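Participant: Here it is, the structure, as structure tokens.
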Amino acid sequence: MEGGGGKRRRSEGGGHEEVAEEEEEDRISDLPDALRLQILSLLPLKSAIRTGALSSRWRGLWEQRWPEPSSVRVRLPPGAAGAAARVEQFGLIDRRGRRRVDCFSLAFHGGQLAQPDLRRCLDYAAACEVEDLQLRLDGSSGRGSRGGGGGGATRGRGMLTVHFPVGSRLLARLSVRGLNITAAANAMVATLEVIHLHSVFLTDAALRRVVGACPRLRELDLRYCRRLRRIDFSAVGVPNLRSFTVVDCSRTTEVRVLVAPRLRSFRFSGAFLSSNILSAAGGSLEHLYICSGGPETGLPPTNLPTSVLNLSNLSVLTLCSIALQYISASTAKAVTESKLHSLRELHFLMFGMANSNLADIYSFLKTCSFPQLERLFVQLPTNIRDSFTENFLEVAEEDPPKGGLENLWLAKMTNFKGHRNEMQLVEFLLRKSSLKKLLLIAPTEDHPQGLRKIQSDVLPSLLKKEIMHLERASANTQIIFSEPDGPQIQPLHSEVFVRF
């Protein structure tokens, strides 16, 4: 009987002869390194990196695809040294020539470059078909500035300007800090997927034109853009947007997106939002962060409460105490059905821990059913005084929920001081859930020189002993009073944009 490992063909004499079956050959991988590097040099960076999955011979080869460095980084130090560095680094750019570059990064301080210098850098990056463009003006922008630039930033006068689009046909990532941005109408940048704008001066209309020009945009991050008032993409559409972050754009009170079918993450930290995009995300939103300074008095109308409770696909939710107050006040007036059945991680950012704040936590846990909830994080205020004893004694106490935390295995409370309402929350968690770990982390103090943070062990031994003797639903619950090493027990939204 013939073996199955080869093919048979009839010979001229009528018999059969065995012909070895040829193995499939990987001829491209057998090419010399120089030719394979030439192939990689013709690919965009993302595609070049993906070739590492072909075989071990391709793995990491993309890092060598050009003899010259594939990143150009221009850094101008402050002061007189910056002028000499400018001449030297601009000379290096000229000698390098206009070969392809993955990343072009320019960082400088106010007064070191004029508009023609910036234009020269942008033209060079475009000619080199840059994929990752980073522009950063240091020293005259940031959290404390208005408008995000230097002098005259409130009106954009005297600021260096980036004219969008910048010209590279392969641009995939754009990061700008401390500069002015203008945008041409009807522009198109089909490759741009990530935009980060920090302390940038741009108008609402300019932002709409930038976003409208990028049909493949999947990540948009806006921070300290103080001129933005109404972020409205309802007319331009963001069909591929997956991550959207707005941080301390202090004049922004409205964020509108009619359709965002692929939005997975929305993070907002700033002034009170009168309207937001949560209803536009529909069932796609998985991660939500809302932290608002809120109004000093009253609760203006907002679609926040009903929008949050309708996010059926949400798995991670972070709410500040003011957003929590809105939801609790809304659900107290009318019976509201919650659809947060997929939630696995819940994070509260508490600006206060008075009776009313504890009541809001209990009310939220009662209103919403969390059959999948596994991790609970509570960031407590750092104030030393127990707010229960100050001026909130007239607030009626809310009874804790009777259940609903059957799958909760981890709870972590930071800035824990053992105050009355903090202890009540601890007692509730120990009695009503089968926790594996409860972490109670004392506040941290700033180092006098600002070099690092020191763990201040403010929990007296008697308080620790009292906690260790509290009633528990599970005898196996481990209570920990120190921050564990490593990021394993950290919330997904570990980047908190407000100071406690």
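Participant: For region 179-271, just say rounded, prolate or oblate: build the C-alpha gyration tensor, square-root its eigenvalues into a ≥ b ≥ c, call rounded for a/c under 1.5, and beyond that prolate if a/b exceeds b/c, oblate if not. Kindly include the intermediate steps, with their values, before the conclusion.
Facilitator: Numbers: a/c = 1.55, a/b = 1.16, b/c = 1.34.
It is oblate, given that a/c is not under 1.5 and a/b is not larger than b/c.
Participant: Quick one: which of 339/412; 437/465; 366/432; 339/366 span more than 19 angstrom between C-alpha atoms? Spell out each step's value before the answer.
Facilitator: Numbers: 339/412 25 Å; 437/465 17 Å; 366/432 13 Å; 339/366 13 Å.
Over 19 Å Cα-Cα: 339/412.
Participant: Under 17 Å from a point 7 Å along the Cα-to-Cβ line of residue 253: which residues of region 224-241 have their amide N that close?
Facilitator: 226-232
Participant: Hey, can you grab everything whose amide H is under 5 Å from the amide H of residue 229? Only 5+ residues off in sequence or another chain; H modelled, so Pro and N-termini drop out.
Facilitator: Amide H to amide H, under 5 Å and 5 or more residues apart or across chains, residue 229 pairs with 204.
Participant: Okay, moving on. Starting from the Cα-Cα distance between residue 107 and residue 431, subtract it from 0.36 nm times their residue separation and give me the gain in nm to one decimal. Please list the in-between numbers first.
Facilitator: Numbers: separation 324, 0.36 × 324 = 116.64 nm, distance 5.43 nm.
Taking residue 107 through residue 431 to full extension adds about 111.2 nm, to one decimal.
Participant: Something else now. With a sphere of radius 10 Å drawn around the Cβ of residue 249, what net charge do the other residues whose Cβ falls strictly inside it have (Lys, Arg +1; Asp, Glu -1)? It would help to have the intermediate numbers written out before the result.
Facilitator: Working: positive: 223, 226, 227, 229, 251; negative: 248.
In short, +4.
Participant: Between 235, 246, 271, whose Cα lies farthest towards the positive end of the dipole of region 226-277 when Lys and Arg beta carbons carry +1 and Asp and Glu beta carbons carry -1, centred on the Cα centre?
Facilitator: Highest projection toward the positive end goes to 246.
Participant: Continuing with the same structure: What is the sum of charges, Lys and Arg at +1 and Asp and Glu at -1, for the other residues whose Cβ falls under 12 Å from the Cβ of residue 194?
Facilitator: Numbers: positive: 46, 173, 216, 218, 242; negative: 131, 132, 193, 219, 221.
Net charge in that neighbourhood comes out at 0.
Participant: Next up: How do 233-242, 70-79 rank on mean C-beta neighbours within 10 Å, highest first?
Facilitator: Highest-to-lowest ranking by the protection proxy: 233-242, 70-79.
Participant: So, one more: May I ask for the distance between the Cα centers of region 464-494 and region 53-123, given as a whole number of Å?
Facilitator: For region 464-494 versus region 53-123, the Cα centre distance is 48 Å.
Participant: Further, regarding this structure: In whole Hz, with x marking every Gly and Pro, tabulate ³J(HN,Hα) for region 413-418 from phi via Karplus 6.51 cos²θ - 1.76 cosθ + 1.60, θ = phi - 60°.
Facilitator: So the Karplus estimates, Gly and Pro as x, are 10, 9, 6, 6, 10, x Hz.
Participant: So, with a 1.4 angstrom probe, what is the percent of accessible area on region 153-245 that is carbon and sulfur? Mind dumping the intermediate values first?
Facilitator: On the way: 1640 of 3530 Å².
In region 153-245, the share of accessible area belonging to carbon and sulfur is 46 percent.
Participant: So between residue 221 and residue 71, what do we pick up on full extension, going 0.36 nm a residue minus the alpha carbon distance? Working shown, then result.
Facilitator: Numbers: separation 150, 0.36 × 150 = 54.00 nm, distance 2.29 nm.
Here the segment from residue 221 to residue 71 would lengthen by 51.7 nm.
The values are calculated or read from the model by the stated rules, or taken from the named source; none is laboratory data. What you see is a predicted model; the values in this text were computed from it and never measured. All Cβ positions, glycine included, derive from the backbone under ideal geometry; neighbour counts span all protein chains shown. All accessible areas refer to the heavy atoms of the entire protein, side chains included, with ligands and DNA or RNA removed. Shrake-Rupley method; radii C 1.70, N 1.55, O 1.52, S 1.80 Å.
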